[in-house]
Amino acid sequence: MNRTVYLNGKFVNEADAKISIYDLSVMQTAAAFEMTRSFNGKHFKLREHFERLIQSCKLLGIELPREWREWNALDSIIDEVTQRNDHGPGEEHRLLIVVSPGCAQMYRDLAGVIPHPFIYVADFPLRYTVRGFGKYFTEGVHCVTSKIQQVPDACVPSQAKHRSRLHFHLAQQYVPEGIWPILLDEGGYVTEAPGANICFVTGGKVYCVTINALPGISMQTIGDLHLQVFPGALGGHVSHMVDELWLTGTPFCMLPVVSLDGKPIGDGKPGPMYRQTLQKWNELVGLDIAQQIQAWDAT
């Protein structure tokens, strides 16, 4: 299928969308980004993603033209990209929105470079991102503590969603396929998993890990569903400290962790609070999230 993307002021065929190898988003992974998903074809919390994108640009020193700081400008582009990319019955949209600072000053006379900050927006079927995830909703996720640490805030602000994912890539190289690494900070506290925030349940209360972690939209949704959640900190050895442990992220919403470093979380099965929260999320968006992903895995 020929998909359309928006790149630096133009709508182009996805296969023809090109940026220079001298762009700072390539040479230094100096870019802010967001990835969203839809439910029943409607983008979820798009405004919240936009606001975090603007905040990320500020934290990363990417100077956006004034027109890009206005919600209506990006919203109209996303609407056009969405309309041009009908993925077919039963499919959902997965948006990729990237803001690049453009090329460095020293390269601005080279052919093909974009010498100013720019945005590109792509839209592809969500099922590509969650392929094989269906089993996690019933069997749970097995995690291990990664030997790769979270990048300190003193180096790159964790509050910014940026394209430098090298630490996540490295963490995933040291674990077997299907196992999720959890990164600790230099003090030994839990931060994030690649592409996911971490929440936990203890004493009947829901806690969200916010220290040295991205302010996740899905993690915030947990707060919306429970009305009250608490910021929480976890040391590296948590299996005996929590009743439930969850991963939250935009494409899959929330997944239960059933073991960490070979030790069970709770009874080693998805917990009751997880099931209740996922059901609330289903009601919020008007579909069965797990069932949708499981159906894609079955086709």
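The values are calculated or read from the model by the stated rules, or taken from the named source; none is laboratory data. Worth saying up front: this structure is predicted, and the values here are computed from it rather than measured. Quick reminder, even Gly has a Cβ in these numbers, built from the backbone with ideal geometry, and neighbours come from all protein chains shown.
Considering the stretch 17-26, and only residues there that are touching a Leu at 6+ places or on another chain (Cβ under 9 Å) and not aliphatic (A, V, I, L, M), the residue that is nearest to residue 113 (Cα to Cα) turns out to be 20. When residue 286 is tested against the conditions (1) at pLDDT 95 or above; (2) surrounded by 14 or more Cβ atoms within 10 Å (Cβ to Cβ), the lone failure is (2). Taking the conditions (1) polar (S, T, N, Q); (2) in a strand (DSSP E or B); (3) loosely packed, with under 13 Cβ neighbours inside 10 Å in turn, residue 191 satisfies each one other than (3).
Given the stretch 1-98, what strands (runs of 3 or more DSSP E) lie entirely inside it while holding 2 or more residues that are outside the structural domain of residue 290 (by TED's automatic domain parsing) and surrounded by fewer than 17 Cβ atoms within 10 Å (Cβ to Cβ)?
Numbers: elements: 4-7, 10-13, 32-39.
By residue number, 10-13.
Kindly indicate the residue of the stretch 121-153 that is among the small types (Gly, Ala, Ser) and crowded, with 18+ Cβ neighbours inside 10 Å and also farthest from residue 297 (Cα to Cα) among those meeting that condition.
Step by step, filter the stretch 121-153, then rank; the result is 146.
The residues of the stretch 154-175 that are free of Cβ contacts under 8 Å to residues at least 60 places away in the same chain, surrounded by 14 or more Cβ atoms within 10 Å (Cβ to Cβ) and part of a loop (DSSP other than H, G, I, E, B), listed by number, are 156, 158, 175.
Does at least one position in the stretch 194-212 carry a residue that is farther than 17 Å from residue 248 by Cβ and assigned to a loop (DSSP other than H, G, I, E, B)?
In the first step, residues of the stretch 194-212 are kept if they are farther than 17 Å from residue 248 by Cβ; the result is 203-204.
When the remaining residues are screened for being assigned to a loop (DSSP other than H, G, I, E, B), the result is 203-204.
Checked the stretch 194-212: at least one residue is farther than 17 Å from residue 248 by Cβ and assigned to a loop (DSSP other than H, G, I, E, B).
Checked against the criterion of being at pLDDT 95 or above and surrounded by fewer than 22 Cβ atoms within 10 Å (Cβ to Cβ), the candidates 214, 255, 225 yield just one match: 214.
In the stretch 176-188, what residues are at pLDDT 95 or above and surrounded by fewer than 20 Cβ atoms within 10 Å (Cβ to Cβ)? Of everything in the stretch 176-188, just one residue is at pLDDT 95 or above and surrounded by fewer than 20 Cβ atoms within 10 Å (Cβ to Cβ), namely 179.
If we scan the stretch 256-270, do we find a residue that is touching a Lys or Arg at 6+ places or on another chain (Cβ under 9 Å), in a strand (DSSP E or B) and not charged (D, E, K, R)? Show your work before the answer.
Taking the stretch 256-270 and keeping what is touching a Lys or Arg at 6+ places or on another chain (Cβ under 9 Å), we get 256, 258.
Next, only the ones that are in a strand (DSSP E or B) stay: 256, 258.
Keeping just the survivors that are not charged (D, E, K, R) gives 256, 258.
Within the stretch 256-270, one or more residues are touching a Lys or Arg at 6+ places or on another chain (Cβ under 9 Å), in a strand (DSSP E or B) and not charged (D, E, K, R).
One line per residue, one yes/no per condition, for (1) assigned by TED's automatic domain parsing to the domain that holds residue 275; (2) under 29 Å from residue 46 (Cβ atoms):
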site: 104; (1), (2): no, no
site: 109; (1), (2): no, no
site: 141; (1), (2): yes, yes
site: 144; (1), (2): yes, no
